[in-house]
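A.B. asks: Just dropping this structure here.
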Amino acid sequence: MSIFISLILATIRQAAPILITAIGGMFSELTGVVNIGLEGMMLMGAFSAAVVSYYTGNPYVGILGGMMAGGIMALLHAILSIKYKGNQVVSGVAINLFASGFTVFMLRVLFNQSGNTPTVPKTATFFGMSIIVFIIYAIAFASHWFIYKTVWGLRMRAVGEHPLAADTVGINVLNVRYFGVIMSGLLAGLGGAYLSIGALSQFTKEMSAGRGFIALAALVFGKWTPGGVLGASLLFGFADAGQTLIQQYVTGVPPQFIQMLPYILTLLALAGVVGKAVAPASSGKPYDKSDD
């Protein structure tokens, strides 16, 4: 029974950064902007949260720092994708590459280390979980209300499905898209902050470890809905928690193979929904009224 409870708690913890980053991606894609840069935004959030926590001695200020870093990266993506109508996938990939190199560079500049920061203050825990986990799940549940019960949620969905129609009824398409993309960065930054000052008490090189990409898979698998994203994130969190427990209790299996399980599950999940999950109609398409 104790193993079962441990697995449940570990699943909730491991799903948290994937969940909040996927919810962020949902905000962006529901408005029609693809955000491949979630991995980089999460990594920047993790790094900035640790740095701010280290220099202020306050991990809660660190949370804000992580979210702001993710938001700044998202603003850059929004400007390139919305204002200049750049290729959204290329912009996202560029952000991922930038975050990977920038965090390593700044580790050397700030701490004269290339692998990790010193130990930094971390958030309080309740029932063995960081307070950030509770914040993440609260936001995830609130996102359902926001998307389906508020005027802004209706505008986001309208812009994502038919931006010209939304424009003709007075909705500012570009502003709604900016909002969605920036929200994706803020939430991805929160997911990164959880990794560095919630789960651990330091930033380590490449600590997002592909979770931003898994969040994208959870977004597709969850069919761009808050409930679906929650279920998909818990599934991937279960795979991650399961591989950790397997390494503890099973011998004779190469650890590298066990560590592949979450990513194998991601591929299988995506293979199962390809052709079935339908993205918002304008997803990935820059909006220009003159083109319609």
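A.B. asks: Any residue in segment 69-91 that is surrounded by fewer than 21 Cβ atoms within 10 Å (Cβ to Cβ) and in contact with an Asp or Glu (Cβ under 9 Å, 6 or more places away or on another chain)?
C.D. replies: Scanning segment 69-91 turns up at least one residue that is surrounded by fewer than 21 Cβ atoms within 10 Å (Cβ to Cβ) and in contact with an Asp or Glu (Cβ under 9 Å, 6 or more places away or on another chain).
A.B. asks: For I171, work out the one condition from (1) in contact with a helix residue (DSSP H, G or I) (Cβ under 6 Å, 6 or more places away or on another chain); (2) among the hydrophobic types (A, V, I, L, M, F, W, C); (3) surrounded by fewer than 20 Cβ atoms within 10 Å (Cβ to Cβ); (4) outside any loop (DSSP other than H, G, I, E, B) it doesn't fulfil.
C.D. replies: So the condition that I171 fails would be (4).
A.B. asks: With the requirement that a residue be more than 22 Å from the chain's Cα centre (by Cα) and assigned to a helix (DSSP H, G or I), what does segment 144-154 give you?
C.D. replies: Matches in segment 144-154: K149, V151, L154.
A.B. asks: Can I ask one more? Just checking, does segment 19-26 include any residue being modelled with pLDDT of 95 or more, touching a Phe, Trp or Tyr at 6+ places or on another chain (Cβ under 8 Å) and farther than 17 Å from G228 by Cβ?
C.D. replies: Checked segment 19-26: no residue is modelled with pLDDT of 95 or more, touching a Phe, Trp or Tyr at 6+ places or on another chain (Cβ under 8 Å) and farther than 17 Å from G228 by Cβ.
A.B. asks: Would a scan of segment 175-187 turn up a residue that is over 24 Å from S53 (Cα atoms), more than 20 Å from the chain's Cα centre (by Cα) and of a type outside the set (S, T, Y)?
C.D. replies: So far as segment 175-187 goes, yes, one or more of its residues are over 24 Å from S53 (Cα atoms), more than 20 Å from the chain's Cα centre (by Cα) and of a type outside the set (S, T, Y).
A.B. asks: Identify, from the list G128, G66, G101, G92, the residue that is on the phi < 0 side of the Ramachandran plot and in contact (Cβ under 8 Å) with a residue 60 or more places away in the chain.
C.D. replies: Among G128, G66, G101, G92, only G66 is on the phi < 0 side of the Ramachandran plot and in contact (Cβ under 8 Å) with a residue 60 or more places away in the chain.
A.B. asks: Specify which of the listed residues (T103, T11) is at pLDDT 95 or above and either part of a helix (DSSP H, G or I) or farther than 25 Å from G222 by Cβ (or both).
C.D. replies: On inspection, the qualifying residue turns out to be T103.
A.B. asks: Okay, next question. Scan (1) at pLDDT below 95; (2) within 21 Å of S208 (Cα to Cα) for the single condition P121 breaks and write down its number.
C.D. replies: Failed condition: (1).
A.B. asks: Quick one: V33 ticks every box in (1) of a type in the set (A, V, I, L, M); (2) outside any helix (DSSP H, G or I); (3) over 21 Å from P280 (Cα atoms) except a single one, so which number is it?
C.D. replies: (3)
A.B. asks: When segment 1-29 is examined, which residues are found to be buried (at least 24 other Cβ atoms within 10 Å of the Cβ), closer than 15 Å to G242 by Cα and of a type outside the set (A, V, I, L, M, F, W, C)?
C.D. replies: The one that is buried (at least 24 other Cβ atoms within 10 Å of the Cβ), closer than 15 Å to G242 by Cα and of a type outside the set (A, V, I, L, M, F, W, C): Q14.
A.B. asks: Filter segment 185-233 for residues that are surrounded by fewer than 20 Cβ atoms within 10 Å (Cβ to Cβ) and either among the hydroxyl-bearing types (S, T, Y) or over 20 Å from M67 (Cα atoms) (or both) and give the result.
C.D. replies: Residues satisfying the conditions are S201, T204, K223, T225, G227, G228, G231.
The values are calculated or read from the model by the stated rules, or taken from the named source; none is laboratory data. These numbers come from a predicted model, not from an experiment. Glycine also receives a Cβ, built like all others from the backbone with ideal geometry; neighbour counts cover every protein chain displayed.
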